[in-house]
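Accompanying notes for the structure given below.
The values are calculated or read from the model by the stated rules, or taken from the named source; none is laboratory data. Remember, predicted model here, so these are calculated numbers, not experimental data. Note that we place each Cβ from the backbone using ideal geometry, even for glycine, and neighbour counts take in every protein chain shown.
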Amino acid sequence: MKILVIEDERKLAEYLRQGLAEEGYVVDLAHDGVDGLHLALEGSYNAILLDRMLPGLDGLALLTALRSQKSTPVLMLTALDRVEDRVAGLRGGADDYLVKPFAFSELVARLQALMRRAEPAREPVDATVLRLADLELDLLRRKATRGGQRLDLTAKEFLLLTLLLRRRGEVLSRTEIAEQVWDMNFDSETNVVEVAIRRLRGKLDVPFAQTLLHTVRGMGYVLEERVA
């Protein structure tokens, strides 16, 4: 899951980046409205944290420009706590509004709620547990099991499995996986994706009779249940 943080207070922006990374998210930062709008329009994000007062381009103006092209969930952050300010943000296209200072736990909960509502129709909007065959992924408890047996995953492996399970049945390229999980521009000489897939497959498939994680030669990887 990938989050864009547009916040000109660099100390707060870094705090948010570190906190969200610990929660398993990939985070991009922008410190002014112009750069923020460029990233928001060009990148692929599950949600955006947007400061109301920004240099270069005001948060509301950025939101107006974004909404003309994309419907990415936006949680607006602001020190302005008047009712009319919150109303202006919501009417301008924000999906939720959080006044500074705020508790990080509340910010994460609001982000999760926004992203649940934005999930494709194939997932219930309140789903926090993803399933495929005998594989189960509990997003809140950060727990993965298969056939009732717990899978001992690293943070990156959990993030990779979450991406594959949310997009089950879709072939994901190495480039997209690298961007979504490692927040990196794909380098054809880098084998980080292959190594991670191999390690995940060793925990997810090797101990079990049915294979769920498949390689599509020349295209990428797909998580799906196949009939033998």
The stretch 1-92: strands (runs of 3 or more DSSP E) wholly inside it with 2 or more residues that are among the aromatic types (F, W, Y) and in the same structural domain as L111 (by TED's automatic domain parsing) are none
Subset of the stretch 130-142 [surrounded by fewer than 17 Cβ atoms within 10 Å (Cβ to Cβ) and either within 17 Å of the chain's Cα centre (by Cα) or in a helix (DSSP H, G or I) (or both)]: D138, L140, R141, R142
Being closer than 19 Å to Q180 by Cβ and either surrounded by 19 or more Cβ atoms within 10 Å (Cβ to Cβ) or not aliphatic (A, V, I, L, M) (or both) is the requirement here; does S44 meet it? yes
Among the residues of the stretch 6-26, write down those that are modelled with pLDDT of 90 or more and of a type outside the set (D, E, K, R). I6, L12, A13, Y15, L16
With the condition kept exactly as written, say whether any residue in the stretch 200-215 is in a loop (DSSP other than H, G, I, E, B), aliphatic (A, V, I, L, M), loosely packed, with under 15 Cβ neighbours inside 10 Å and not assigned by TED's automatic domain parsing to the domain that holds R17. yes
Listed residues D81, D35, D85; which is modelled with pLDDT of 90 or more and not β-branched (V, I, T)? D35
